[in-house]
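All of the numbers you see were taken from the coordinates with simple rules; none came from a lab. What you see is a predicted model, and the numbers here were worked out from it, not measured in a lab. Note: ideal-geometry Cβ built from the backbone for every residue, glycine included; neighbour counts use all protein chains shown.
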Amino acid sequence: MKTLFYISTIIILLLRITVTVQAATVIDLEWSTKSETNNDFFTIQRSVDGKTWDAIVNIRGNGTSTKQHFYTFTDEDAPEGIVYYNLIQTDYDGFSSALKTISVNNVDEACNPTIIMYPNPSISYLYLKSNEDYMITGMFTCKNQPVHDYIIAYDTIMVGNLQAGIYYIQYQNAKGEINTIPFIKD
């Protein structure tokens with residue numbers, strides 16, 4: 001087994017990050033830090049599939065501080081469906097570190113029959129809610145490998161024994177259409 005050590009000057013104590021859907025294409029992101037060391041800026045990346053990421057904004061950091069700081073960004077061009085956001089921090093030396101990935105379902109349930117899966121990211125359980133009948137037909141890794149190590153009980157999927165990463169739940173809706181929903185296992 002090979003062990004690699006990397007010493008970085010990036011020290012950010014992230015207290016929280018939240019996303020809130022405000023309107024059809026408007027999503028608010030808020031986060032706060034307890035302290036920051038050598039913090040030049042944050043980058044917010046967006047993805048609709050959890051694989052391909054686009055940097056959408058840089059937000060100036062507070063350098064070195066032991067005070068709590070609050071940050072906000074409004075994504076006024078958010079796509080419909082499940083949207084993933086990566087919060088990346090970059091220090092004054094140009095070193096970057098991913099702090100957190102979070103997702104939100106930007107769908108109007110009344111107009112688009114769908115399965116809502118929460119919490120996402122998840123540690124141990126995913127709960128499903130739908131306004132139509134469905135049947136889970138499989139789970140796959142982000143490399144499209146089938147996953148067999150999960151348990152479904154009614155509208156709950158137990159995922160606690162999965163490795164951290166991005167997965168896809170495949171389901172068949174009442175019309176016979178096959179769809180997938182991505183989720184993050186923390």
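A few points about this structure:
- Highest-fluctuation residue, GLU36, GLU80, GLU132 considered, GNM on the chain with Cα pairs under 10 Å: GLU132
- Between PHE140 and TYR154, the distance separating the two model label sites (each 7 Å from Cα on the Cα→Cβ line) works out to 3.0 nm.
- Gain upon complete extension [ASN62, GLN22; 0.36 nm per residue less C-alpha separation]: 11.7 nm
- Size of electric dipole in region 70-186: Cβ of Lys, Arg +1 and of Asp, Glu -1, about Cα centre, debye, nearest 20: 440 debye
- Dipole of region 68-186 computed with +1 at Lys/Arg Cβ and -1 at Asp/Glu Cβ about the Cα centre; of GLN145, ILE166, SER96, farthest Cα towards the positive end is GLN145.
- Residues PHE95 and GLN163, FRET efficiency given R0 of 35 Å [Cβ-Cβ distance, rounded to 0.05]: 0.85
- Least to most buried among LYS143, LYS51 (fewest other Cβ within 10 Å first): LYS143, LYS51
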